[in-house]
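What follows is calculated from the coordinates using simple rules that are stated; it is not laboratory data. Bear in mind the structure is a predicted one, so any value in this text is a computation, not a measurement.
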């Protein structure tokens, strides 16, 4: 069994931003020269997440609208009374309750085994941020 670790860095530009990272993950898995295994992606943040869903522009807009309605930014949140980093971001943490900080995807012959309509997204909930990190851990033979 071989293990490869890689970190993907991204700058985010919007308060809520859904970034398709599928292409980059595909390229990195293919470059590992492993026949089969799995790749685990982990967001290293408490207000940014990993999600598998469909890459369709209007659906992505619907997702952002849904999140804003689900947890409004201007809610009366205790976390915002004395935020640790000076950001009124309780809403971002609360949205994250419904998301995954990691996803694992199998691969064979250097290709991700995603469904026909599936893409991998990095979901920013507290942007913009100059530097966000996704830990990528590939294991396989």
Treating the angle as unsigned and between 0 and 90°, give the value, to the nearest 10°, between the Cα long axis of helix 57-70 and the longest Cα principal axis of the chain.
40
Expected max-MSF residue from 82, 90, 48 in the GNM of the chain (alpha carbon, under 10 Å) is 82
Which three lengths, in whole Å and largest first, does the range 84-141 cover when its Cα atoms are put on their principal axes?
46, 22, 17
Expressed in µm² per second, the diffusion coefficient of the chain from the Stokes-Einstein equation, with Rh the Kirkwood radius over alpha carbon pairs, at 4 °C and 1.567 mPa s, is 81
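Tell me what the chain gives for mean residue ellipticity at 222 nm when only DSSP H runs of n ≥ 4 count, each as -39,500 (n - 2.57), the sum divided by the residue total, rounded to 500 deg cm²/dmol.
Working: 3 runs with 31 residues, N = 141.
Computed ellipticity for the chain at 222 nm equals -6500 deg cm²/dmol.
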Taking Cα atoms, the helix 22-31 axis meets the longest principal axis of the chain at an angle in degrees (rounded to 10) of 30
Could you identify which residue out of 125, 60, 78 has the top mean-square fluctuation in a GNM of the chain using Cα springs shorter than 10 Å?
78
Euclidean distance of C-alpha centroids, the range 67-98 and the range 105-141, integer Å
25
